[in-house]
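Everything on this sheet refers to the single structure shown next.
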């Protein structure tokens with residue numbers, strides 16, 4: 001073991017206390033404020049700790065390695081926190097920034113270590129190998145705490161300019177780091193504070209050093225590489241690229257890539273002497289050479305030791321204050337919609353066809369409630385836009401977990417038909433900017449809406465779930481972690497929760513929907529003039545569709561089409577039978593037609609009611 005490490009710094013000028021955690025993940029991982037030197041002496045240079053973490057280098061599986069690291073001691077080098085590891089828990093910003101550099105293997109780490117030491121060793125408190133052996137981390141002293149973010153960005157940019165593959169995860173000031181064992185680490189008792197600039201002579205030394213290393217490894221090997229092989233090394237070392245398995249988007253620093261970034265990568269390659277074109281770069285981005293991740297499963301993994309999420313959906317549902325006239329159990333229908341939305345993401349054959357609509361007076365926060373169901377890192381997977389057919393809407397269906405229509409109302413026929421079809425849509429045909437051919441992707445979006453109007457439906461329905469809302473319990477709602485809401489939904493789905501409506505719930509929804517249907521002149525005229533006979537025997541007469549159209553036009557001045565009349569009659573389950581029509585001239589049978597069983601009414605009286613300007617005069621009770 002090396003001699004005990006101590007820092008020779010002015011404590012009044014530089015703050016180097018850090019936050020220590022007994023393990024990386026877990027409810028028992030309480031924070032303790034400790035001097036930075038303890039991290040070096042008790043862990044980096046401590047053989048006892050070395051025996052504990054030695055197994056990490058033998059673990060090949062990524063998930064297994066992460067599980068192992070979750071139980072190892074960790075620290076936040078960039079600040080001091082109390083009670084947790086969120087930004088709200090920060091009580092002190094210190095004078096340290098942490099840099100993380102990931103490599104493909106340990107050989108590259110050993111090549112890069114002396115280069116990194118030469119470049120930033122003057123400013124570093126320590127430089128050490130990560131627990132897996134395939135990365136380097138450096139804790140750097142800075143001159144001005146107020147410029148911490150600026151200094152981090154500058155140092156990261158300098159390292160990237162020398163082709164160090166920097167992972168910017170520690171730009172997050174509360175990001176925890178696992179404590180490894182590295183007896184060969186670099187420790188500096190008297191670091192010079194970094195002020196945003198590295199001496200040009202130092203950078204010159206680094207260029208000379210990397211040149212000598214290239215020569216010692218055989219410069220001819222580099223010359224034998226094709227431009228594409230060089231680009232395949234250059235691009236991952238320069239850019240943090242990942243493929244999001246939720247949206248199938250390639251991301252640069254966690255943001256979906258666009259033509260602008262693809263063009264920039266192409267230009268950077270050519271500026272570095274690597275002659276590749278944009279088509280090749282796009283092909284590289286669309287290949288398995290880009291590392292993949294699933295943001296939802298990463299959240300599950302990070303919180304796998306928690307169980308405080310149970311019952312969160314019910315708590316959120318209870319935050320909605322329903323009107324006295326609301327007939328649907330909000331907790332039941334909300335839970336099934338929410339869980340089925342998560343199942344839709346993971347199950348190839350599940351489609352969430354439900355769309356809850358929150359109806360109430362303006363200004364009570366209906367849209368705020370719906371858009372607040374996702375927050376933090378999942379907020380980016382939500383959108384507020386009308387559910388109508390547009391050029392870009394197909395992309396929204398595969399990019400978002402939730403789409404909220406904040407002005408839901410009855411639509412034009414084409415939009416209404418599209419809305420119905422999209423609720424049952426399972427896959428979407430799309431083409432990304434970096435794709436050459438369109439592909440079918442799973443729809444992950446669930447739908448919800450808010451409305452000030454109660455007349456939102458054109459016909460009977462088992463998909464739109466109307467809720468009459470009086471208000472919301474905002475204090476309770478804002479206090480609930482929406483990450484826990486997601487976890488509750490996810491684990492309910494995994495446990496086999498039945499998210500489909502029962503037969504009784506479907507029938508109730510169908511019945512309740514009638515209260516929210518818009519008055520239809522065609523339907524109203526048909527029901528007024530031709531009341532339904534409740535059986536064939538109870539019919540006063542049997543009329544054909546053409547007879548109904550003619551009579552409605554004469555008495556009600558309403559134009560109907562055969563298709564629309566048949567649709568309304570079938571919807572209201574009118575009875576019918578085949579009837580024989582005789583010629584008015586010869587009396588002979590001319591044809592056999594479908595006759596609909598109706599009750600007889602006084603057409604003149606009904607016409608007067610129907611045409612009345614006083615709307616109250618048009619009300620009727622029982623025409624049968």
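The values are calculated or read from the model by the stated rules, or taken from the named source; none is laboratory data. What you are looking at is a predicted structure, and each value in this text was computed from that prediction instead of being measured. Counting neighbours? That spans all protein chains shown, and the Cβs are built from the backbone with ideal geometry, glycine included.
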Checklist entry - Residues in the range 531-572 that are assigned to a loop (DSSP other than H, G, I, E, B), free of Cβ contacts under 8 Å to residues at least 24 places away in the same chain and over 30 Å from residue 408 (Cα atoms): how many? => result 1
Item to check | Restricting the range 74-112 to residues that are without any contact (Cβ under 8 Å) to a residue 60 or more places away in the chain and part of a helix (DSSP H, G or I), the residue that is farthest from residue 148 (Cα to Cα) | outcome: 107
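This table checks each residue for (1) at pLDDT 95 or above; (2) on the phi > 0 side of the Ramachandran plot; (3) surrounded by 14 or more Cβ atoms within 10 Å (Cβ to Cβ); (4) not assigned by TED's automatic domain parsing to the domain that holds residue 505.
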position: 306; (1), (2), (3), (4): no, no, yes, yes
position: 316; (1), (2), (3), (4): yes, no, yes, no
position: 328; (1), (2), (3), (4): no, no, yes, no
position: 333; (1), (2), (3), (4): yes, no, yes, no
position: 338; (1), (2), (3), (4): yes, no, yes, no
position: 375; (1), (2), (3), (4): no, no, yes, no
position: 380; (1), (2), (3), (4): no, no, yes, no
position: 393; (1), (2), (3), (4): no, no, yes, no
position: 399; (1), (2), (3), (4): no, no, yes, no
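Can you tell me which residue within the range 276-313, out of those that are part of a helix (DSSP H, G or I) and out of contact with any helix residue (DSSP H, G or I) (no Cβ under 8 Å at 6 or more places or on another chain), is nearest to residue 167 (Cα to Cα)? Even if it seems obvious, please write down each step before you answer.
Filtering the range 276-313 down to residues part of a helix (DSSP H, G or I) leaves 278-285, 295-302, 312-313.
When the remaining residues are screened for being out of contact with any helix residue (DSSP H, G or I) (no Cβ under 8 Å at 6 or more places or on another chain), the result is 279, 283, 297-298, 302.
On the way: 279: 26, 283: 23, 297: 20, 298: 17, 302: 19 Å.
Taking the candidates together, the pick is 298.
Mind telling me which of the residues 487, 528, 509 ends up being crowded, with 21+ Cβ neighbours inside 10 Å, touching a strand residue (DSSP E or B) at 6+ places or on another chain (Cβ under 7 Å) and part of a helix (DSSP H, G or I)? Give the derivation first.
Values: 487 fails: touching a strand residue (DSSP E or B) at 6+ places or on another chain (Cβ under 7 Å); 528 fails: touching a strand residue (DSSP E or B) at 6+ places or on another chain (Cβ under 7 Å).
Matching residue, one of 487, 528, 509: 509.
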Next on the checklist: If a residue must be closer than 18 Å to residue 599 by Cβ and surrounded by fewer than 18 Cβ atoms within 10 Å (Cβ to Cβ), how many such residues does the range 535-550 contain?
Outcome noted: 7
Item to check | Residue count for the range 157-170, restricted to those that are surrounded by fewer than 19 Cβ atoms within 10 Å (Cβ to Cβ) and part of a loop (DSSP other than H, G, I, E, B) | outcome: 2
Checklist entry - Since residue 358 meets every condition but one in (1) modelled with pLDDT of 95 or more; (2) more than 25 Å from residue 442 (Cβ to Cβ); (3) surrounded by fewer than 21 Cβ atoms within 10 Å (Cβ to Cβ); (4) touching a strand residue (DSSP E or B) at 6+ places or on another chain (Cβ under 6 Å), which condition does it not meet? => result (3)
Next on the checklist: touching a helix residue (DSSP H, G or I) at 6+ places or on another chain (Cβ under 9 Å), within 27 Å of residue 421 (Cβ to Cβ) and part of a loop (DSSP other than H, G, I, E, B): which single residue out of 339, 332, 350, 345 fits that description?
Outcome noted: 350
Item to check | Subset of the range 28-73 [within 35 Å of the chain's Cα centre (by Cα), within 13 Å of residue 181 (Cα to Cα) and outside any helix (DSSP H, G or I)] | outcome: 72, 73
Checklist entry - Quick check: is even one residue across the range 171-183 buried (at least 19 other Cβ atoms within 10 Å of the Cβ), more than 28 Å from residue 8 (Cα to Cα) and modelled with pLDDT under 95? => result no
Next on the checklist: Residue under question is residue 25, and the condition is that it be touching a strand residue (DSSP E or B) at 6+ places or on another chain (Cβ under 9 Å), surrounded by 15 or more Cβ atoms within 10 Å (Cβ to Cβ), over 30 Å from residue 154 (Cα atoms) and in the same structural domain as residue 164 (by TED's automatic domain parsing); does it hold?
Outcome noted: yes
Item to check | Every residue from the range 255-275 that is assigned to a loop (DSSP other than H, G, I, E, B) and surrounded by 16 or more Cβ atoms within 10 Å (Cβ to Cβ) | outcome: 257, 274
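State whether one or more residues within the range 189-197 are buried (at least 20 other Cβ atoms within 10 Å of the Cβ) and closer than 16 Å to residue 36 by Cα.
Yes: one or more hits.
Just a yes or no: is a residue in the range 426-440 within 23 Å of residue 335 (Cα to Cα), assigned by TED's automatic domain parsing to the domain that holds residue 487 and not in a helix (DSSP H, G or I)? It would help to see each step written out before you state the result.
Initially, the range 426-440 is screened for residues within 23 Å of residue 335 (Cα to Cα), giving 426.
Now narrow it down to the ones that are assigned by TED's automatic domain parsing to the domain that holds residue 487: 426.
From what is left, the residues that are not in a helix (DSSP H, G or I) are 426.
Yes, the range 426-440 has at least one match.
Taking the range 353-382 as the region of interest, how many residues are touching a helix residue (DSSP H, G or I) at 6+ places or on another chain (Cβ under 8 Å), touching a residue at least 24 places away in the same chain (Cβ under 8 Å) and in a strand (DSSP E or B)? Spell out the reasoning first.
Within the range 353-382, the subset touching a helix residue (DSSP H, G or I) at 6+ places or on another chain (Cβ under 8 Å) is 353-356, 358-360, 365, 369, 372-378, 381-382.
With touching a residue at least 24 places away in the same chain (Cβ under 8 Å) added as a condition, the list becomes 353-356, 358-360, 365, 369, 372-378, 381.
If we keep only those that are in a strand (DSSP E or B) too, we end up with 355-356, 358-359.
Total satisfying the criteria: 4.
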Checklist entry - Which of the following residues is over 30 Å from residue 356 (Cα atoms), at pLDDT 80 or above and outside the structural domain of residue 451 (by TED's automatic domain parsing): 589, 577, 557? => result 577
Next on the checklist: Any residue that is in contact with a strand residue (DSSP E or B) (Cβ under 8 Å, 6 or more places away or on another chain), surrounded by fewer than 18 Cβ atoms within 10 Å (Cβ to Cβ), assigned by TED's automatic domain parsing to the domain that holds residue 371 and under 30 Å from residue 378 (Cβ atoms) - is there at least one of those in the range 472-481?
Outcome noted: yes
